[in-house]
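*Asks:* The structure that follows is given in the form of structure tokens.
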Amino acid sequence: MINIKENESLSIINHSCAHLLAQAVKHLYPEAKFWVGPVVEEGFYYDIDLGDITLTEDDLPAIEREMKKISKDGKRIVRQELTKSEALEKFKDDEYKIDLISRMDEEDTVISCYTQGDFTDLCRGPHVETVKVLKNFKLLKVSGAYWKGDAKNHMLQRIYGVCFETPEDLEAHLKELEEAKERDHRKIGKNLDIFMSHDLVGKGMPLWLPNGAIIRKNLENYIYEKEQKLGYKHVYTPCVGTVNLYKTSGHWDHYKENMFPSMKVDEEEFVLRPMNCPHHMLVYSNDLHSYRDLPIRIGEFAADFRYEASGAVKGLERVRCMCQNDAHLFVTPEQIGEEFKKVVALILDVYKDFGLTKYKFRLSLRDPEDKEKYFDDDEMWNQAENKLREVLNEFGLDYYEAIGEAAFYGPKLDVEVKPAVGPEVTLSTCQLDFLLPRKFELSYIDKEGNKQIPVVIHRAILGTFDRFTAFVLEETKGLLPLWLSPVQINIIPVNNEYHLEYAEALYKKLKDLNIRVELDSRDEKLGYKMRESVMKKIPYAIIIGNKEVEENSISYRKCKTEETINVSIDEFINNILEEIKNKGN
Ligand code: TSB
Ligand code: ZN
């Protein structure tokens, strides 16, 4: 989907359209006051104070009509430049603009404003020359937004929209948006009963329903087996730790704003953990280690809690309670390259299994100027960053570098994916860490019998089961590969009177083989049941009619295909078991 912000001419017309929106709102709601109206990836928005009035999507068509009227009227958009004091005078009745102007630097900065007909707005510009060209727009949604994005402030109303140069471009874009909405895992998750939320549990705390739990369990088994084969040792550790644990690790100083507040129990002060590294450091320190034992790979499917802004939480993709597919790898400095390589290979292997192709590698580096955020050891940083680059180049992978995006303890490689709706997110991550082992005074004995400090690699291949599930649901549009589908086979007897008994025997046979099977014995028409089977994204529908009963066979249709195939029961079972085992490869 097009990124409006990155396209210069679209950026300008979207920004101009934000002014057109404000003007129309002002006509319809004369009390309206305006905060900011920037261009964003999806188009534009304007944050508006409407006092007690709360807009809904039903109000948008009237605003659009007013916008069209103003556009037809065709006023020119005129720029005017002001000094700071002139600007303060001009906007003296508008507390929002005064707030913006007051924060502009010196007295001699040039401040610009733009006027179209009866509407003037403070703005840097540039804009299109006349409102006449702002014809092909659509208002998309309205939502609440705290003033300055701060939950302590009052709520403004944010109207989103998008504008294009031609009607064809707008139409094509709206169609894409519609498709993206259909792919949104929140919609699929609801339709397929994968997860739910409830205010009584809280924001960003989804509840996994039985269908979702099957997906998650299968993902856990899948990655567990891979990791076991690669020599990982899995542990279980508590999802809380004392504040002192996180003071020792440094999270208390560097990560506190992402943590839930602490709670006192007797004499101990606990926090819900945002990360599992400190626990795993302690697991490592439970034994003495020789260089011969390394790498040691401690894995866990671990629940973590993070404070995510309430406006940022999103379905399973961004939650406040998550389960990481986490591991911490303890290596000698010489083993960094080799071990990092194995992690990258595992990421590629997993993505191949899931048929994921749309992702980007991002190498997140420190900003050497930012001494606050990053621990101060130039040599360590340079060494670590170069090591990661080397491996990526060796794999011949495409990646881009992001300065200032590293964790406070080291550089990292992130895999970025684009959800159906909203900005990119990180799925897999692999992070080097020279610091944490020092904080926990970890050691191993080297060849010469001397104590050395190991290096830690933090890595999460599926990221969290939450986010990974969200992404896979979107990529597959809910039609999961057979091994992952909550229901794998749907048996549909054509007529209960004649075919139910046969269908029930087949159901039992498949069930005994641990195949997730359903039998739709409702007295409904075959066509209706078939359509529902497709809607529920069940990979196989088996149809049992006279022919099948007489021949002791089955007929099946794969979801979203038109062809019905008749085979013997044994052949069908063999094929199914093979497909499940091979995970679609
Ligand atoms: C990999 N200590 C490391 C760990 O050892 C760590 O916590 N890294 S992380 O902060 O990057 O988180 C790991 C993964 O969790 C991310 O790559 C991302 O895929 C996933 N994740 C992070 N925040 C959320 C969230 N709010 N909701 C769902 N998944 C999340
Ligand atoms: Zn970690």
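*Asks:* With every protein chain left in place, what is the accessible area per residue of the chain in square angstrom, probe 1.4 Å? Please list the in-between numbers first.
*Replies:* Details: 29390 Å² over 585 residues.
Per residue, the chain has an accessible area of 50 Å².
*Asks:* Separate question: Apply the a/c threshold of 1.5 to the C-alpha gyration tensor of the stretch 185-307 and tell me whether it is rounded, prolate or oblate. Show your work: numbers first, answer last.
*Replies:* Details: a/c = 2.79, a/b = 1.20, b/c = 2.33.
It comes out oblate by the Cα gyration axes.
*Asks:* Per the chain: cysteines with no other Cys C-beta under 4.7 angstrom?
*Replies:* Cys with no partner Cβ under 4.7 Å: Cys113, Cys123, Cys239, Cys277, Cys321, Cys323, Cys430, Cys559.
*Asks:* Next question, about the same structure. Pop a pseudo-label 7 angstrom from the Cα along the beta-carbon direction at both Ile565 and Glu550 and give the gap in nm to one decimal.
*Replies:* 2.4 nm
*Asks:* Follow-up. Under 20 Å between C-alpha atoms is the cut-off here; go through the stretch 364-457 and count lysine pairs that meet it, provided they're at least eight residues apart or on different chains. Let's see the in-between values first.
*Replies:* Values: Lys371/Lys412; Lys371/Lys439; Lys373/Lys412; Lys373/Lys439; Lys387/Lys412; Lys412/Lys439; Lys439/Lys451.
Value for the stretch 364-457: 7.
*Asks:* Counting only pairs 8 or more residues apart or on different chains, how many lysine pairs in the stretch 213-347 have their Cα atoms under 27 Å apart?
*Replies:* For the stretch 213-347, qualifying lysine pairs total 16.
*Asks:* Decide, for the chain, between rounded, prolate and oblate: order the square roots of the alpha carbon gyration tensor eigenvalues as a ≥ b ≥ c, take rounded if a/c falls under 1.5, and otherwise choose prolate if a/b is larger than b/c, else oblate. List each step's numbers first, then the result.
*Replies:* On the way: a/c = 2.23, a/b = 1.18, b/c = 1.90.
It is oblate, given that a/c is not under 1.5 and a/b is not larger than b/c.
*Asks:* Further question on the same structure: Restricting to Cα atoms and excluding each atom paired with itself, what does the Kirkwood estimate give for the stretch 526-585 in Å? Don't skip to the end; give the middle numbers.
*Replies:* On the way: mean 1/r = 0.0812 Å⁻¹.
For the stretch 526-585, the Kirkwood estimate is 12.3 Å.
*Asks:* Sort out for me the Cα centre separation of the stretch 485-548 from the stretch 20-73, rounded to whole Å.
*Replies:* 52 Å
*Asks:* Percent of accessible area on the chain owned by carbon and sulfur, 1.4 Å probe?
*Replies:* Details: 14430 of 29390 Å².
Heavy-atom surface of the chain belonging to carbon and sulfur, 1.4 Å probe: 49 percent.
*Asks:* Could you give each residue of the stretch 335-345 its phi-based ³J(HN,Hα) in whole Hz, using Karplus coefficients 6.51, -1.76, 1.60 with θ = phi - 60°, and x for Gly or Pro?
*Replies:* Those phi angles translate into 8, 3, x, 4, 6, 4, 4, 5, 5, 4, 4 Hz.
*Asks:* Right, next: Can you compute 3J(HN,Hα) from phi for each residue in the stretch 84-96, using the Karplus curve 6.51 cos²θ - 1.76 cosθ + 1.60 with θ = phi - 60°, rounded to whole Hz and x for Gly and Pro?
*Replies:* Once rounded to whole Hz, the list reads 4, 5, 5, 5, 4, 5, 4, 9, 4, 8, 10, 5, 5.
*Asks:* Let me ask something additional. Quick one: Karplus J couplings for the stretch 522-531, per residue in order, coefficients 6.51, -1.76, 1.60, θ = phi - 60°, nearest Hz, x for Gly and Pro?
*Replies:* Going residue by residue, I get 5, 7, 10, 5, 4, x, 5, 5, 5, 4 Hz, with x marking Gly and Pro.
*Asks:* While we're here: When the Kirkwood radius is taken over all Cα pairs of the stretch 458-530, what Stokes-Einstein diffusion coefficient follows at 10 °C and 1.306 mPa s, in µm²/s?
*Replies:* Using the Kirkwood radius from Cα pairs, D works out to 109 µm²/s.
The values are calculated or read from the model by the stated rules, or taken from the named source; none is laboratory data. As the structure is a prediction and not an experimental result, all values here were calculated from the model. Glycine also receives a Cβ, built like all others from the backbone with ideal geometry; neighbour counts cover every protein chain displayed. Note: areas computed on protein heavy atoms with side chains; ligands, DNA, RNA excluded. Shrake-Rupley method; radii C 1.70, N 1.55, O 1.52, S 1.80 Å.
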